[in-house]
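Have a look at the structure below, then the notes.
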There are 2 protein chains.
Amino acid sequence: MPVTVLLVDDEPLVRAGLRAVLEAQPDIEVVGEAADGAAVIPLVRRLRPDVVAMDVRMPLMDGIEATRAVLRTVAEPPKILVVTTFEDDEYVYEALRAGADGFLLKRARPAEIAHAVRLVAEGESLLFPASVRRLATRYGDGARPARAVLERARLTEREAEVLRLMARGLSNAEIAARLVVGAETVKSHVSSVLAKLGARDRTQAVIAAYESGFVEAG
Amino acid sequence: MPVTVLLVDDEPLVRAGLRAVLEAQPDIEVVGEAADGAAVIPLVRRLRPDVVAMDVRMPLMDGIEATRAVLRTVAEPPKILVVTTFEDDEYVYEALRAGADGFLLKRARPAEIAHAVRLVAEGESLLFPASVRRLATRYGDGARPARAVLERARLTEREAEVLRLMARGLSNAEIAARLVVGAETVKSHVSSVLAKLGARDRTQAVIAAYESGFVEAG
DNA sequence: GACCGTCTCCCCCGTGCGGGGGAGGTCCGT
DNA sequence: ACGGACCTCCCCCGCACGGGGGAGACGGTC
């Protein structure tokens, strides 16, 4: 029987590409897609895929967190194949610690992509040589701002709602009116958001929202 | 008759994704693919596509060079739609200077991608689909031809520089230090930027910068 | 029952921000 | 020679913002 795969990536284009590449393989079947890590667990429970092809950077819950969540909560977890661009290989180490089984670069050729899926499905772990080499040299430096944003972005629902409105240019008073709460309450939420995002002011918070994909341009 | 498209991207995954997205459209047909800018000219000559979807970053000849080459050497050149994930807005200007007709982010939704292809095929120039239109309507300028985002917002060089730093989360004092001018000067520029963008505060200005593609989310 | 996280609201307080003016300088095109 | 952008710096002023506290109410968990 074919290897079943669940695709998790916030970019529809990448999902379409992976689907096209993998479905061209007779022994691989794409059984589902998700646009964010937050949606993964129920899908894994329902679809029971052999492999989850997981993007690293996603709006609500990144691939690292999602990997941890799946491995922690699902009884017979699927293999996790982390899909990433070579630019953000700072994530490699984190992903491996989270329990990912394999690593794949988006710029890989179709045959390599399919090969990677087969390998992790069989229980082999695989890494891309270049990535591994670099993580050895990179590991040790501290400053990783983009990572910090995603990791600390443990926003509550209300905070996320406030951030969304902040990212639409609303003032605290306007947000308060919109949410039908007091201005003090909004200030409180804003402060939490700033703290969790490591932002100094609302402008930096909005930047983080865009950069992390929490809100999308266009 | 359908709009014919030539895909130029070094990553097969992206080509597969674009092909999947575009071929789902009844009025768009992918007539060819190339993995590098160096291969574009003969393909354009032979296939005569309406639109070339061109990646910026490629091994042998990048999208900017390839765009120049095509427009310089082909008699009736196709429309060039530059496709990129690249953060650096320098590429936007370079691409537009090179004669590109449109600009598209890879993280766009399928409908937007298809829409972008149709628009440039019809001779409309577009930078970032929904956002630029917003700018155009808001500032009501009539000048349509492929101009930089800068000129659409009518920002001066200095103002654009200040906006770029604002969009990186810098305070007025930090911008002043960076540009080696007085804080009052920065305030002055910021005020101009806010006025020209129709923004109430720096947060709204930064939002406009992202939405217009003046800066890109990474 | 005790505990914790979340949402809600409240105080004080300093300051960065933005609006409204103005003014001197250069460089440009006419 | 003159106007007109543009960049630079300056004044006053009001206020939204953000920090640092705290507190009551609700819903879960242990």
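The values are calculated or read from the model by the stated rules, or taken from the named source; none is laboratory data. Owing to the predicted nature of the structure, the values given are computational and were not obtained by experimental measurement. Ideal geometry is used to build each Cβ from the backbone, glycine not excepted, and the neighbour counts take in all protein chains shown. Only protein heavy atoms, including side chains, enter the accessible area calculation; ligands, DNA and RNA are left aside. Shrake-Rupley method; radii C 1.70, N 1.55, O 1.52, S 1.80 Å.
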Checklist entry - Counting partner chain Cβ atoms within 10 Å of every residue's Cβ in A:164-175, what's the average? => result 2
Checklist entry - Past the 32 Å Cα-Cα mark, which pairs from A:K106/B:K79; A:K79/A:K187; A:K187/B:K196? => result A:K79/A:K187
Checklist entry - Which three lengths, in whole Å and largest first, does segment B:4-74 cover when its Cα atoms are put on their principal axes? => result 31, 23, 15
Checklist outcome for this item: Inter-copy distances for B:A111, label 7 Å out on the Cα-Cβ vector, sorted ascending, nm, one decimal, are 3.9
Item to check | Residue-by-residue Karplus 3J(HN,Hα) for segment B:33-41, coefficients 6.51, -1.76, 1.60, Hz, glycine and proline x | outcome: 9, 9, 9, 7, x, 5, 8, 5, 4
Item to check | Solvent-accessible area of A:H189 with every protein chain in place, 1.4 Å probe, in Å² to the nearest 10 | outcome: 40
Next on the checklist: I need the inter-copy label distances for A:A177: point set 7 Å along Cα to C-beta, values in nm with one decimal, smallest first.
Outcome noted: 3.7
Item to check | Accessible area buried at the A-B interface, both sides summed, 1.4 Å probe (Å², nearest 100) | outcome: 2900
Checklist entry - Counting only residues 5 or more places away or on other chains, whose amide H sits under 5 Å from the amide H of A:T4 once H atoms are built in the peptide plane? => result A:E29, A:D50, A:V51
Next on the checklist: Run the label-point distances for B:T73 please: 7 Å along Cα to Cβ, every other copy, nanometres, shortest first.
Outcome noted: 5.6
Next on the checklist: Once each part is reduced to its C-alpha centroid, what is the distance from segment A:1-30 to segment B:28-78 in angstrom?
Outcome noted: 28
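Beta carbons within 10 angstrom, averaged per residue: use that to sort the peptides B:17-24, B:179-186, highest first.
Per-residue Cβ counts within 10 Å, averaged per peptide and sorted highest first, yield B:17-24, B:179-186.
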